[in-house]
Amino acid sequence: MLGKDCVAIAADMRLGNQALGISSNFQRVFSVTDRIYVGLPGLASDVATLHERFRYRVNMYTIKEGREIEPETFAHLVSSTLYEHRFGPYFIEPVMAGISKTPTGKIKPFIAATDLIGCLNFAKDFVVAGTASTKLYGVAEGLWEPDLEPEDLFETISQTMLNAVDRDAFSGWGAVVHIITKDKSLLHGSEEAKKEGELESLQHSKLVGRGKYVHGFETHRVKPHLIDEYKKAAERFYTGIKDDPELKVKLTGSWETLVGEQDTFLHILEYENYAGYDKTTQLIKESKDYSEAYKAMLPFVNTRNSQLNQEFAFFPTSPPHTEGGLFELRTYQLKPGTLLEWETAWRRGIEARRQFVAPVGAWFSQIGRLHQTHHLWHDLQARKDLRKKAWQLDGWAETVSKTSKLAETMDSFILSPLRFSPLK
């Protein structure tokens, strides 16, 4: 719903199967940027899938364009995503709201909605979607007025929502309202709805990913007869960049694979989010010394692979330490759209196991091979002994049962740290 230099988006909290209520804290409104929100009314599984897909595409746009996506552009991104699946559509009718910046620097409120296959509807007053859409439209038509101030807009959209869901048995059970202005976004609702809304927002955008850092996984498959030469060249390059304060990049660790894909080396670098990754890589390219050091490794390498990952919010990567021993890296290829479910189940299991042993780091992929999660463990023998104890804990067996159903493949690698690796 449009206001004067502001815009509002609201949704109820009910998740149900027809008349059967399942949850009263289901999130349908997600933050895309500080100035753009999207509402996803429809099938719950498609809500999770599309939220992940939109987040990925927005991240890719930000990296490629070097700027924040505008509401109009995001609306067309949503439309094209839905149209790609028009022969087997998602059961979602997205609603988008945001604040646009015109070329002259002025503020322009924006709202739009689409149908199942992405047909856009740009409006100058309000848009509605969901099971109560006919009730919402009638009430909104009677209450909405042009140029509403933020507080008046909140009252109008709240009354519209309350009166509509009272007339629809498949809606209700609390609601949240987001008011977006040029300066900030405000979350309104009952205390319970606000609390649950904030929690779900974290789970879907910040709780899954810590968001503070981006970790680059660089995998090199080295020519077997040139491994010693490669190690020397890699040490020169990676120690050089980690010791340069201007680059603002940290070397989490460097390892050689002992069990798994032979003659393979893994280097994990920590960047200060995507902007930091872009800045660091650009500085490395512009540096003659670092460019030469990197090129010095290439004659010893058969193939290279890179992937950008984020830390799971519930487990930040361990700081550098030296304890000796080997590491195990486990990589799971998840079924598309199951990351949130996998994270929820695995987080509960890790909380149960944390009293015995915890991973060195846990990540999920953002760019490169998608739908992958990684976790790194230290001290194999101790982990084996403690893993046996973990099976006696409530929650761990359930975690294994749930996560195994969400994964398509799993790989386990035994890694030996290189002598210059901060994690040993």
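The values are calculated or read from the model by the stated rules, or taken from the named source; none is laboratory data. Here the structure is a predicted model, which means the values were calculated and not measured. With ideal geometry, Cβ positions are generated from the backbone for all residues, glycine too; neighbour counts draw on all protein chains shown. With ligands, DNA and RNA removed, areas are computed over all heavy atoms of the protein, side chains included. Shrake-Rupley method; radii C 1.70, N 1.55, O 1.52, S 1.80 Å.
Can you pull out the residues in the range 231-250 that are within 19 Å of G276 (Cα to Cα) and open to solvent by less than 40 Å² (accessible area, probe 1.4 Å)? Result: F237, Y238, T239, G240, I241, D244, L247, V249. Looking at the range 316-340 only, could you name the residues that are over 16 Å from the mean Cα position of the chain (by Cα) and either open to solvent by less than 30 Å² (accessible area, probe 1.4 Å) or at positive phi (or both)? Across the range 316-340, the qualifying residues are T317, G324, G325, F327, E328, L329, T331. Remark: D228 falls outside the filter, which requires a residue to be out of contact with any Ser or Thr (no Cβ under 7 Å at 6 or more places or on another chain), open to solvent by less than 40 Å² (accessible area, probe 1.4 Å) and among the charged types (D, E, K, R).
The test for being assigned to a loop (DSSP other than H, G, I, E, B), at pLDDT 85 or above and open to solvent by less than 50 Å² (accessible area, probe 1.4 Å) holds for V128. Scanning the range 61-71 for residues that are farther than 27 Å from F26 by Cα and assigned to a helix (DSSP H, G or I), we see that the one that is most open to solvent (accessible area, probe 1.4 Å) is K64.
Conditions (1) part of a helix (DSSP H, G or I); (2) at pLDDT 90 or above; (3) more than 14 Å from D46 (Cβ to Cβ), marked per residue:
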{"residue": "F74", "(1), (2), (3)": "yes, yes, yes"}
{"residue": "V78", "(1), (2), (3)": "yes, yes, no"}
{"residue": "L82", "(1), (2), (3)": "yes, yes, no"}
{"residue": "P89", "(1), (2), (3)": "no, yes, no"}
{"residue": "M96", "(1), (2), (3)": "no, yes, yes"}
{"residue": "S100", "(1), (2), (3)": "no, no, yes"}
{"residue": "G105", "(1), (2), (3)": "no, no, yes"}
{"residue": "A112", "(1), (2), (3)": "no, yes, yes"}
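Looking at the range 287-296, is at least one residue touching a helix residue (DSSP H, G or I) at 6+ places or on another chain (Cβ under 6 Å), part of a strand (DSSP E or B) and open to solvent by less than 10 Å² (accessible area, probe 1.4 Å)? So that I can check it myself, show each step before the final result.
Within the range 287-296, the first condition is being touching a helix residue (DSSP H, G or I) at 6+ places or on another chain (Cβ under 6 Å), and the residues that meet it are 290, 293-294, 296.
In the following step, the residues that additionally are part of a strand (DSSP E or B) were identified as none.
Within the range 287-296, none of the residues are touching a helix residue (DSSP H, G or I) at 6+ places or on another chain (Cβ under 6 Å), part of a strand (DSSP E or B) and open to solvent by less than 10 Å² (accessible area, probe 1.4 Å).
Of the residues that sit in the range 368-419 and are more than 22 Å from G260 (Cα to Cα) and modelled with pLDDT of 85 or more, which one is least open to solvent (accessible area, probe 1.4 Å)? Only one residue tops the list, namely L406.
The set of residues in the range 50-60 being open to solvent by 30 Å² or more (accessible area, probe 1.4 Å) and either of a type outside the set (S, T, Y) or modelled with pLDDT of 90 or more (or both) consists of E52, R53, R55, R57, N59, M60. Look through L15, L77, L40, L82 and report the one residue that is within 24 Å of S158 (Cα to Cα), surrounded by 16 or more Cβ atoms within 10 Å (Cβ to Cβ), free of Cβ contacts under 8 Å to residues at least 40 places away in the same chain and not aromatic (F, W, Y). Only one candidate qualifies: L15.
Picking from residues in the range 152-171 that are part of a helix (DSSP H, G or I) and of a type in the set (S, T, Y), the one that is farthest from M13 (Cα to Cα) is T156.
Within the range 248-266, residues that are within 18 Å of K212 (Cβ to Cβ) have Cβ atoms under 7 Å from residues that are basic (K, R) and open to solvent by 80 Å² or more (accessible area, probe 1.4 Å) in no pair, counting only partners at least 6 apart in sequence or on another chain. Note on the range 205-238: residues that are modelled with pLDDT of 95 or more, of a type in the set (S, T, Y) and outside any strand (DSSP E or B) total 2. On the given criteria, is E149 among the acidic types (D, E), loosely packed, with under 15 Cβ neighbours inside 10 Å and touching a helix residue (DSSP H, G or I) at 6+ places or on another chain (Cβ under 8 Å)? Spelling it out, it is not the case that E149 is among the acidic types (D, E), loosely packed, with under 15 Cβ neighbours inside 10 Å and touching a helix residue (DSSP H, G or I) at 6+ places or on another chain (Cβ under 8 Å).
Just one of the listed residues (A113, A97) is open to solvent by less than 20 Å² (accessible area, probe 1.4 Å) and in contact (Cβ under 8 Å) with a residue 24 or more places away in the chain, namely A97.
All conditions but one from (1) touching a strand residue (DSSP E or B) at 6+ places or on another chain (Cβ under 9 Å); (2) within 18 Å of R419 (Cβ to Cβ); (3) among the basic types (K, R) apply to K232; the one that does not is (1).
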